[in-house]
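Worksheet for the structure shown next.
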Amino acid sequence: MLATSALAHFTMVCQTDSGRVRDHNEDVVLVNERIGLALLADGMGGYNAGEVAARVAADVIADGARQAFDAQRGGEILSEVDPATGLTRASLVLREQVLRANEAIFESSREAPEYEGMGTTVVAVLLTGRRLVVAHVGDSRCYRMRNGVLMALTRDHSLLQEQIDCGEWEEDAARDFPHKNLVTRALGAEHYVQVDVAEHFVEPNDLYLLCSDGLTDMLDTQQLTQLLLKSNGNLSYTVASLIAEANELGGRDNISAALIGISADPAAKPAMIRKRKVVRS
């Protein structure tokens, strides 16, 4: 299916797999082409509580984004820039829904003893006009493939990333870091969470990847790039290939991915190439 968001034409697909080691899947991934939303949550917590947290996050964010889209003339107003912040209204909507999800998970963990300590990462994108809004908390990532170059659009909220940033650990040796899966931010951990939100202009033939650490722990940037370059527009085949390769290399965690392909649109004007500012709430 080819969906349209103002000037951008796109296709979205997603897939999740429990991997080769885990006996259940605590990842949730979804796409909604009608409103231009893709979302991935990687849950954490015992007794399947991580799966509950991830599902709550996905449901709250997807429902809130859908309601905002329908209430604002099919998303038309979401493309408008808010003069107070310089961001599109889509950014404000997405950030608000992530904050709502955090509160819902936090309250659920306090009310039910079996859910105590549950949480989840989240990375969500909302495509509106020529802009791709990205919101994230934790170490699930969003990448962009443009002109054969793969670039991370998010920065992990993790102990490993903090060690890399302060120069105490080399990025090339990250796979050997003893606590690489410890996150410094997660939905549900506290009553309030800081959400990173950024906007990026899309270009024809861009390819965007959302993924859990079950994929990036198995495949490095070079391996991801090689698999994405083989896409040739067949996103369903590509996302299946990513997960199959991660399983082939061990599949030590749940593996989830979503792909968004921006189609060439000769009738559309060229987009500006610049990155919008990042807002941390």
>> For the range 78-137, which positions are more than 15 Å from the chain's Cα centre (by Cα), touching a residue at least 24 places away in the same chain (Cβ under 8 Å) and closer than 15 Å to His200 by Cα?
In response: Leu78, Ser79, Gly86, Leu87, Thr88, Ala90, Thr128, Gly129, Arg130, Arg131
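If a residue has to be touching a helix residue (DSSP H, G or I) at 6+ places or on another chain (Cβ under 7 Å) and surrounded by 24 or more Cβ atoms within 10 Å (Cβ to Cβ) to count, how many in the range 120-130 make the cut? Reasoning before the result, please.
Going residue by residue through the range 120-130, those that are touching a helix residue (DSSP H, G or I) at 6+ places or on another chain (Cβ under 7 Å) are 120, 122, 124, 126, 128-129.
Filter once more, keeping what is surrounded by 24 or more Cβ atoms within 10 Å (Cβ to Cβ): 120, 122, 124, 126, 128.
Total satisfying the criteria: 5.
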>> Show the residue pairs meeting these rules: Cβ distance below 8 Å; 6+ apart or different chains; first residue within the range 56-67 and charged (D, E, K, R); second residue crowded, with 18+ Cβ neighbours inside 10 Å.
In response: Arg66/Ile35; Arg66/Leu37
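If you take the residues in the range 193-226 that are polar (S, T, N, Q) and part of a loop (DSSP other than H, G, I, E, B), which one is most open to solvent (accessible area, probe 1.4 Å)?
By that ranking, first place goes to Asn205.
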> So which of Glu51, Glu96 is within 20 Å of Thr154 (Cα to Cα), assigned to a helix (DSSP H, G or I) and open to solvent by 60 Å² or more (accessible area, probe 1.4 Å)?
Replying inline: Glu96
> Looking at (1) open to solvent by less than 20 Å² (accessible area, probe 1.4 Å); (2) at pLDDT below 95, which is the only condition Leu235 fails?
Replying inline: (2)
> Considering the range 99-111 alone, what residues qualify as being farther than 15 Å from Ala41 by Cα and open to solvent by less than 20 Å² (accessible area, probe 1.4 Å)?
Replying inline: Ser109
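The values are calculated or read from the model by the stated rules, or taken from the named source; none is laboratory data. Please read these numbers as outputs of a predicted model, since none were measured by experiment. Methodologically, a virtual Cβ is constructed for each residue, glycine included, from the backbone with ideal geometry; neighbour enumeration extends over all protein chains shown. SASA here: full protein model, heavy atoms, side chains in, ligands and nucleic acids out. Shrake-Rupley method; radii C 1.70, N 1.55, O 1.52, S 1.80 Å.
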